Each structure stands twice: as structure tokens, then as C-alpha cells.
Amino acid sequence: MKLVDKYLTSKSKASILRYLCKNKDRRFYVSELSEHLKINKSIVSKLITELGSDGIVFIDHMGPLKLCKINLENREVAAIMNIFEEENKVSK
């Protein structure tokens, strides 16, 4: 499956990835992402789990809570970040 089709065709998934890439040095709880992005917490949790399974994000479990951070070592993440950087250049 192509990168854009897999990660950027879902508005919610793209929003999560954009936010994590923009804040690449921070870790976030699912509830924080949900609040910042105005996306239902259960949807954010499901999408973070999917992204974690694909190695796009690191997930630490703190009891029942998920703490996540973008995986900067993943080649697909580098390509996604390039897409977002180009998007920013075009929208300025």
C-alpha cells in the first residue's frame, strides 16, 4: 500500500500525524491528543494503536494510559514529515 493511501487519506490519522510531527520531541497521552485535535478519544486511541503496530509511533503504557511519540527512526515517518514540510511551504 502506498504511503499516502495508508496514512494520509484519513483526516483524523493525518491530523494526529501532523501534530506528532510538529511536536516531534514530545510525548503525548491519547487524551491530550484528543483534546488538542478535537477528535474523539476512542478514535485517537484506535489510530495510535494502528500507528504503533506499523512502527510509526512509539507507545509506552502507563497503566491504562497510552503515551505516544512519533518514531523519528522510521523511514516512512521521514517521508511523511517531508510531505508536511512541503504542505507548509505551499500554504504560506
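Ellipsoid semi-axes for the chain, based on the Cα gyration tensor and the rule √(5λ), read 21, 14, 13 Å when sorted largest first.
In whole Å, what is the distance between the alpha-carbon centres of the stretch 76-92 and the stretch 2-23? Cα centres, the stretch 76-92 to the stretch 2-23: 11 Å.
Against the main long axis of the alpha-carbon atoms of the chain, helix 41-53 sits at an angle near 70°. With neighbours defined as other Cβ atoms within 10 Å of a residue's Cβ, the residues S45, S91 order from fewest to most as S91, S45. Helix 75-91 and the longest principal axis of the C-alpha atoms of the chain enclose an angle of approximately 60°.
For the chain, a Gaussian network of Cα nodes joined below 10 Å ranks I80, I43, I56 by mean-square fluctuation, and the top entry is I43. Under the convention that each Lys and Arg Cβ holds +1 and each Asp and Glu Cβ holds -1, the size of the dipole of the chain around its Cα centre is about 220 debye. Close amide H pairs (under 5 Å, H built 1.01 Å from N) link N23 with no residue at least 5 positions away or on another chain.
Computed from the coordinates by the stated procedures, all read-outs in this text should not be read as laboratory data. Note that the coordinates shown come from a computational prediction; the quantities given were computed from them, not determined experimentally. All Cβ positions, even for glycine, are placed from backbone atoms using ideal geometry, and neighbour counts span all protein chains on display.
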